[in-house]
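Asker: Pasting in a structure now, in structure tokens, and then I'll have a few things to ask.
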Amino acid sequence: MILVTGGAGFIGSNFVLDWLAQANESVINLDALTYAGNLENLDSLKGDARHIFVKGDIGDRTLVDELLAKYQPRAIVNFAAESHVDRSIHGPGEFIQTNIVGTFNLLESVRAHWSKLADKEKTDFRFLHVSTDEVYGSLSKDDPAFSETNRYEPNSPYSASKAASDHLVRAYHHTYGLPVLTTNCSNNYGPYHFPEKLIPLMIVNSLAGKPLPVYGDGQQIRDWLYVKDHCSAIRRVLEIGKLGETYNVGGWNEQANLNIVHIVCDLLDELRPKDDGNSYREQITYVTDRPGHDRRYAIDARKIERELGWNPAETFETGIRKTVQWYLDNQSWVNNVLSGNYRQWIEKNYAGRSE
Ligand code: NAD
Ligand code: TYD
């Protein structure tokens, strides 16, 4: 079996669902169930003995030691993290705690376990760390896309904490020989995406008749990757990735934020037209920019294509249509997510932004 951390979050839950649909290998899912963790994402696995959920912290050495000893997973896929840049600006402490200290503790538990394994198990063991393109910093318009050899230049508390965790993972390979793999992917989108992030926030606010808050001039560029493509990339890296290597994963799909918002509005106009016949685009409002906002991210995904034969299956057109349709079809999931905590966050992040 494999151990997945953060498997109740957006990408982690997609990965667990995808894994169990593809392979008959059980998953232990360790997740602290922070505001971002949602067991409803995994509802379809109720009664499936191949999914073992454990509520707990990756930084809890006693718990992780016990899980490793009890289940003897052959691999660990580490998704658990604080993941939202805006939250890291309001409160960086939890990012340091989970992304750096938590990853360190997890690595320590894994190292202690791995070092005692028999030769064959030791050789076959994998620790795959899921990271982000944001560790590379910000590109200008004409810069080439990020490759694996780009310097780390993180600009937000979030990306700095992820960069630190990547460095620890690397060091555990070089120093202790731990069989690690790291993936750095671009912005994901798709089902179960928590509506604090751009795409689901725009869908949810559109349907609720609320403003669509575009930061600054809306010309910041992100490189969007459909979450199921990300899952297939991780499976491939786990299967045949070269130990100690990092792989950039992207969707070959750079888009300015404003363009993304327009596409979402246009799809909603088509799939759920407003009663008054107006476009959802009319709800767009420009708000004060995010401090230190990175201008452009772009992933050069040629290494994973060349060495591991991976390519994304979705284009943005197909992926965003599926995504918008998923939100329309899963209104009860959305309503359950919009709890008191969520409303407090929206108030905190957007109240101070003048239009
Ligand atoms: P998410 O915020 O939706 O989910 C994170 C999950 O981790 C949640 O279920 C949460 O409960 C859990 N968690 C948080 N702290 C924990 C702890 N201390 N111990 C155990 N579990 C804990 O995040 P996501 O969007 O699914 O991202 C998953 C990973 O992918 C993260 O490492 C993130 O940095 C990386 N990533 C995400 C994106 C993206 O576009 N979402 C892009 C690049 C990289
Ligand atoms: P986000 O989804 O938070 O991902 P990240 O910061 O990790 O790239 O934001 C994506 C882009 O959308 C980013 O440039 C910030 C912008 N954005 C807005 O313009 N308005 C919003 O309300 C949010 C949440 C993000």
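The values are calculated or read from the model by the stated rules, or taken from the named source; none is laboratory data. Quantities reported herein were computed from a predicted structural model and do not represent experimental measurements. Cβ sites come from the backbone with ideal geometry, for glycine too, and all protein chains shown count toward neighbours. Remember, those area values only see protein heavy atoms, side chains included, never the ligands or the DNA or RNA. Shrake-Rupley method; radii C 1.70, N 1.55, O 1.52, S 1.80 Å.
Asker: Under 7 Å by Cβ, and 6 or more places apart or on different chains, what pairs join a residue from segment 133-149 that is among the basic types (Lys, Arg) with one that is within 16 Å of ligand 1 (Cβ to nearest atom)?
Answerer: Hits for this filter: Lys141/Arg296.
Asker: If Asn248 satisfies all but one of (1) out of contact with any Ser or Thr (no Cβ under 8 Å at 6 or more places or on another chain); (2) under 30 Å from Thr149 (Cα atoms), what's the number of the condition it fails?
Answerer: (1)
Asker: From the set of residues in segment 195-243 that are away from ligand 1 (no atom under 14 Å from the Cβ) and of a type in the set (Lys, Arg), which is least open to solvent (accessible area, probe 1.4 Å)?
Answerer: Arg235
One line per residue, one yes/no per condition, for (1) open to solvent by less than 60 Å² (accessible area, probe 1.4 Å); (2) within 14 Å of ligand 1 (Cβ to nearest atom):
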{"site": "Ala36", "(1), (2)": "yes, yes"}
{"site": "Leu45", "(1), (2)": "yes, no"}
{"site": "Ala49", "(1), (2)": "no, no"}
{"site": "Leu63", "(1), (2)": "yes, yes"}
{"site": "Leu67", "(1), (2)": "yes, yes"}
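Asker: Something else: For segment 38-51, give me each residue that is under 22 Å from Glu66 (Cα atoms) and in contact (Cβ under 8 Å) with a residue 24 or more places away in the chain. Walk me through how you get there before you give the answer.
Answerer: From segment 38-51, those under 22 Å from Glu66 (Cα atoms) are 49-51; that's our starting set.
Listed by number, the residues that qualify are Arg50, His51.
Asker: On to the next question. Residues being more than 16 Å from ligand 2 (Cβ to nearest atom), among the aliphatic types (A, V, I, L, M) and under 16 Å from the mean Cα position of the chain (by Cα): count how many of those fall in segment 1-22.
Answerer: Of the residues in that region, 4 qualify.
Asker: Kindly indicate the residue of segment 140-167 that is surrounded by 20 or more Cβ atoms within 10 Å (Cβ to Cβ) and closer than 19 Å to Tyr247 by Cβ and also farthest from ligand 1 (Cβ to nearest atom) among those meeting that condition.
Answerer: Ala145
Asker: Restricting attention to segment 16-27, does a residue exist that is open to solvent by 10 Å² or more (accessible area, probe 1.4 Å), among the hydroxyl-bearing types (Ser, Thr, Tyr) and closer than 30 Å to Ile346 by Cβ?
Answerer: No.
Asker: Test Asn78 against the criterion of being within 15 Å of ligand 1 (Cβ to nearest atom), open to solvent by 20 Å² or more (accessible area, probe 1.4 Å), at pLDDT 95 or above and out of contact with any helix residue (DSSP H, G or I) (no Cβ under 6 Å at 6 or more places or on another chain), and give yes or no. Full working, then the answer.
Answerer: On the way: within 15 Å of ligand 1 (Cβ to nearest atom): yes; open to solvent by 20 Å² or more (accessible area, probe 1.4 Å): no; at pLDDT 95 or above: yes; out of contact with any helix residue (DSSP H, G or I) (no Cβ under 6 Å at 6 or more places or on another chain): yes.
No.
Asker: How about segment 247-271: which of its residues are more than 15 Å from ligand 2 (Cβ to nearest atom) and either closer than 15 Å to Leu328 by Cβ or among the aromatic types (Phe, Trp, Tyr) (or both)? Give the derivation first.
Answerer: Quick first cut of segment 247-271, residues more than 15 Å from ligand 2 (Cβ to nearest atom) only: 247-248, 252, 266-271.
Tyr247, Trp252, Asp266, Leu267, Leu268, Asp269, Glu270, Leu271, listed by residue number.
Asker: Among the listed residues Glu25, Glu82, which satisfies the condition of being touching a residue at least 12 places away in the same chain (Cβ under 8 Å), part of a loop (DSSP other than H, G, I, E, B), within 16 Å of ligand 2 (Cβ to nearest atom) and of a type in the set (Asp, Glu)?
Answerer: Result of the check over Glu25, Glu82: Glu82.
Asker: I'm told Ala112 meets every condition in (1) within 15 Å of ligand 1 (Cβ to nearest atom); (2) over 28 Å from Leu338 (Cα atoms) except one. Can you identify the failing condition by its number?
Answerer: The one condition Ala112 does not meet is (1).
Asker: Another question, if that's okay. Among Arg151, Arg170, which is out of contact with any Pro (no Cβ under 8 Å at 6 or more places or on another chain), under 22 Å from Ala233 (Cα atoms) and away from ligand 2 (no atom under 16 Å from the Cβ)? Give the derivation first.
Answerer: On the way: Arg151 fails: under 22 Å from Ala233 (Cα atoms).
Going through Arg151, Arg170 in turn, just one is out of contact with any Pro (no Cβ under 8 Å at 6 or more places or on another chain), under 22 Å from Ala233 (Cα atoms) and away from ligand 2 (no atom under 16 Å from the Cβ): Arg170.
Asker: Now a separate question. Here is a check on your reading of the model: is Ser232 in contact (Cβ under 8 Å) with a residue 12 or more places away in the chain and away from ligand 2 (no atom under 16 Å from the Cβ)? Before you say what the answer is, go through the steps one by one.
Answerer: Details: in contact (Cβ under 8 Å) with a residue 12 or more places away in the chain: yes; away from ligand 2 (no atom under 16 Å from the Cβ): yes.
It is true that Ser232 is in contact (Cβ under 8 Å) with a residue 12 or more places away in the chain and away from ligand 2 (no atom under 16 Å from the Cβ).
Asker: A further question on this structure: When you go through (1) closer than 22 Å to Arg111 by Cβ; (2) open to solvent by 40 Å² or more (accessible area, probe 1.4 Å); (3) part of a loop (DSSP other than H, G, I, E, B); (4) small (Gly, Ala, Ser) one by one for Gly59, which number turns out not to apply?
Answerer: (2)
Asker: All but one of (1) among the β-branched types (Val, Ile, Thr); (2) touching an Asp or Glu at 6+ places or on another chain (Cβ under 9 Å); (3) within 15 Å of ligand 1 (Cβ to nearest atom) hold for Ile2, so report the exception by its number.
Answerer: It fails just one condition, (3).
Asker: Any residue that is farther than 21 Å from Val85 by Cβ and under 18 Å from the mean Cα position of the chain (by Cα) - is there at least one of those in segment 171-181? Break it down stepwise before answering.
Answerer: Keep residues of segment 171-181 that are farther than 21 Å from Val85 by Cβ, which gives 171-181.
This time we only want the ones that are under 18 Å from the mean Cα position of the chain (by Cα), so: 181.
Yes - at least one qualifying residue is present in segment 171-181.
Asker: Which one of the conditions (1) open to solvent by less than 10 Å² (accessible area, probe 1.4 Å); (2) closer than 19 Å to Ile234 by Cα; (3) within 14 Å of ligand 1 (Cβ to nearest atom) does Pro73 fail to meet, given that it meets all the rest?
Answerer: (3)
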